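A.B. asks: Encoded as structure tokens, here's the structure I'll be asking about.
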Amino acid sequence: MGLIERIFTTVFGGERNVIRDTVEVFRENAEAGAQRAHAVQGQAMAQYGAEFAHPRHGGFDRFMDGLNRLPRPMLALGTLGLFVTAMINPLWFAERMQGIALVPEPLWWLLGVIVSFYFGARQQVKSQEFQRAIVGTITRVPQVVENIETLRKLRADTPRVADTGADSRLALAAVEPSDNPALDAWRRSRA
């Protein structure tokens, strides 16, 4: 018993588990990974909470917070407003658009840069999510094509779709009349 006990103590004893330690080289310990993820999430939430821990008492801080929330709604509502204005008062709208036509090209470039920097990061994230979705869709294309081909083979107008092959019992069962109460009721109603 001493030899077996020493072997088990070597492999599993001494607060060590050689098998577990070896496996963890190739695969993450799920419990330890969950604990690390929980710690990271807790730290992120603590950092986020610390950012807002001190109330902003000044009018300037509140004004800037409100101002930071305005660009997206203003752009969206302003664009919709332009469409409504063009329908309600086309002459007034055309006069304003003539004024926009006089804006120099460098100023349009500057506006483009500002809008790109403001919305660029969000656009990049959305673009990457879209690309991942496209890749996921493309990986399913062969399976979808195969499913469509299988479904087309099952259509009633496909030649030999109901062919029983060499199965004689199935061929006899297909031509043997069966009890069908709905068909019997229909026949009685027609008689």
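A.B. asks: Considering Arg140, Arg160, Arg187, which residue is modelled with pLDDT of 85 or more and farther than 30 Å from Pro71 by Cβ?
C.D. replies: The unique qualifying residue is Arg187.
A.B. asks: Of the residues in the stretch 105-140, how many are basic (Lys, Arg) and more than 12 Å from the chain's Cα centre (by Cα)?
C.D. replies: Total satisfying the criteria: 2.
A.B. asks: Check Tyr118 against each of (1) touching a Leu at 6+ places or on another chain (Cβ under 9 Å); (2) part of a helix (DSSP H, G or I); (3) not small (Gly, Ala, Ser) and name the one condition it does not meet.
C.D. replies: (1)
A.B. asks: Quick test for you: out of Gly33, Gly49, pick the one residue that is modelled with pLDDT under 90, surrounded by 10 or more Cβ atoms within 10 Å (Cβ to Cβ) and not aromatic (Phe, Trp, Tyr).
C.D. replies: Checking each option against the conditions leaves just Gly33.
A.B. asks: Further question: Restricting attention to the stretch 92-114, which residues are among the aliphatic types (A, V, I, L, M) and surrounded by 10 or more Cβ atoms within 10 Å (Cβ to Cβ)?
C.D. replies: Ala94, Met97, Val103, Leu110, Leu111, Val113, Ile114
The values are calculated or read from the model by the stated rules, or taken from the named source; none is laboratory data. Just so you know, these numbers come straight off a predicted model, no measurement behind them. Cβ atoms come from the backbone with ideal geometry, glycine included; neighbour counts cover every protein chain shown.
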